[in-house]
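Note sheet for the following structure.
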There are 2 protein chains.
Amino acid sequence: MIRSVDVAVVPALIGARPPAAAAVVIDVLRATSTIAVALANGATSIIPVREPGDAIAVRNRIGRDRVLLCGERNSRLIAGFDLDNSPASYPAEVVAGKTLALTTTNGTRALLEAARDGASVYCGALLNRRAVARALLAGHTGDVLLVCAGNEGTLSLEDLLCAGAIVAALGRDGAAIEPSDAARAAMSLFEGHAKRLTTAIASSTHARALRDAGFAADVAACAELDVLDVVPVYREGIVTALR
Amino acid sequence: MIRSVDVAVVPALIGARPPAAAAVVIDVLRATSTIAVALANGATSIIPVREPGDAIAVRNRIGRDRVLLCGERNSRLIAGFDLDNSPASYPAEVVAGKTLALTTTNGTRALLEAARDGASVYCGALLNRRAVARALLAGHTGDVLLVCAGNEGTLSLEDLLCAGAIVAALGRDGAAIEPSDAARAAMSLFEGHAKRLTTAIASSTHARALRDAGFAADVAACAELDVLDVVPVYREGIVTALR
């Protein structure tokens, strides 16, 4: 059984907690949403890396025909890359059978931070909220930490809402899980906005910036709850779909 | 006019923000509640210090007849000290005309952290929520940062609720203040619990620990909203009531 659930509202707070049995990294806008979509559409794996140069090194190592260069800086396609960070850029006809070398401003870095203490790390989004909660309940005992990627070191409303959605799902499906104050605050926030989740997500600072950059459709697409069954799991540098 | 309001949900996140024009340190259970009560009851000033030895040094410098040694470790009276950290220990007949050398686990340390960048720093609690919000609106332009003291480095529900209460008061009394995502999350949390604030405060991790230590009355006393008009302000090492 899962014993407790806590939320690091920004990655900088991961270290303030004892190591967890499992961690979920959440970057609703857009990295973990995009990862879930890419795997649901048949991508073989995703290799999260810190910098664009690291992605190019992955391609050079694995092979140009098998790897797509993916990610964003300032929300936009990186020069010379194949795909930006929009989930709409990852349909099956583009990503099936491919390895994606992905670098984003917040999400992939949070993933690498969360993986440092050796816990199992999942990628959570609103899209696959229920699937991730079920994987946690089925696969782990002990303490679970939800890590919000945030935005350049500050708290993101959409990530905290998603963390709260996961806490709510754990509480509904599981037995007596002890939520920390942060987990209870996140769950309370989610429950207050559950009936108008799309509106709440669209009101966040990051959503407004994405809209200004022309990505309004992404914001709406990432605000859907429980529409994908995929559970991305990060192991030894590679994210694949849990089977 | 105040331009924006942000919330550092734990003191470790103060540095992630540009310096603010004013900061409010919040430790509902119990340091900033106790500071507000002590000043309302006629204490001359409060000198927040990190360690018990620092409090003794203050008393030796200013004089044994004028200084009370105050604070807690593990929620309890420090050996050889005059007063613990319970607001009930600070009636007028004890504290009027006195200087209080105060050291607590979370609140006084958060105060010293928040003061580092030279901003005006206030002590906020539920008790004096409205008074602090009015002082911010009357006295400052630019960006305001609300600093939750938290509990040993982790987020405290009661402090986040109080931060949300202050954001709500700023929004009601002020004009177009831009709340950060963290400020909006805090306000939303507060609004969701406003009608049963005492229950929400009492459910927090720290409240339960205080109850277990025999301080249930303190938890209830600190959950009252807008009952004190005092605005504690920290300047050059000393907290006094704003006049």
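What follows draws every value from the coordinates through simple rules; no lab data is involved. This one's a predicted model, so the numbers in the text were calculated from it and none came from an experiment. Glycine also receives a Cβ, built like all others from the backbone with ideal geometry; neighbour counts cover every protein chain displayed.
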message: I need the trypsin sites (Lys or Arg not before Pro) found in segment A:1-65, filtered to DSSP loop residues with at most 14 other beta carbons within 10 Å of theirs.
response: A:50, A:64
message: With both bridge residues required to lie in the protein assembly as shown, what share of the DSSP beta bridges run antiparallel, to the nearest 5%?
response: 25
- line: Output for segment B:33-165 (equivalent-ellipsoid semi-axes, sqrt of 5λ from the C-alpha gyration tensor, Å, descending) is 25, 17, 15
- line: Farthest towards the positive end of the dipole of chain A, among A:88, A:67, A:179 and with Cβ unit charges of +1 on Lys and Arg and -1 on Asp and Glu, lies the Cα of A:67
- prompt: Can you list residues whose amide H is under 5 Å from residue B:230's amide H, if they're 5+ apart or on another chain and H is modeled 1.01 Å from N?
  reply: none
message: If I take all pairs of Cα atoms in segment A:145-213, what percentage of them are more than 21 Å from each other?
response: 26
- request: Tell me which residues come under 5 Å, amide H to amide H, from residue B:178 once H is placed; ignore anything under 5 positions away on its chain.
  value: B:4, B:5
field: Full-stretch length increase - residue B:54, residue B:220 - with 0.36 nm per residue and alpha-carbon distance subtracted
entry: 56.7 nm
task: Would you mind checking segment A:220-243 for residues with the amide N under 16 Å from a putative spin-label position 7 Å along Cα→C-beta of residue A:61?
output: A:235-240
- prompt: Given the C-alpha centroids of segment A:81-136 and segment B:8-69, what is the distance between them in whole angstrom?
  reply: 44
query: Taking square-rooted eigenvalues a ≥ b ≥ c of the alpha carbon gyration tensor, is segment A:112-166 rounded, prolate or oblate, where a/c under 1.5 means rounded and, failing that, a/b exceeding b/c means prolate?
result: oblate
query: If you take the square roots of the eigenvalues of the alpha-carbon gyration tensor of the protein assembly as shown and sort them as a ≥ b ≥ c, do you get rounded (a/c under 1.5), prolate (a/b over b/c) or oblate?
result: prolate
task: Work out which GluC sites (Glu not before Pro) in chain A are exposed loop sites (DSSP not H, G, I, E or B, at most 14 other Cβ within 10 Å) and give the longest gap free of them.
output: A:1-151
- prompt: In debye, nearest 20: dipole of chain A around its Cα centre with unit charges on the Cβ of K, R (+) and D, E (-)?
  reply: 260
Cα shape, segment A:26-97, gyration tensor, a/c 1.5 rule: oblate
query: Taking amide H positions as placed 1.01 Å from N in the peptide plane, with prolines and chain starts having none, which residues 5 or more places from residue B:146, or on another chain, fall under 5 Å of its amide H?
result: B:6, B:7, B:8, B:24
- prompt: Ordered by residue, what ³J(HN,Hα) values in Hz, to whole numbers, does segment A:90-103 give under the Karplus form 6.51 cos²θ - 1.76 cosθ + 1.60, where θ = phi - 60° and Gly and Pro are x?
  reply: 10, x, 4, 5, 9, 10, 4, x, 9, 9, 10, 8, 10, 10
Ellipticity estimate at 222 nm from DSSP helix runs (n ≥ 4, -39,500 (n - 2.57)) divided over the protein assembly as shown, nearest 500: -11500 deg cm²/dmol
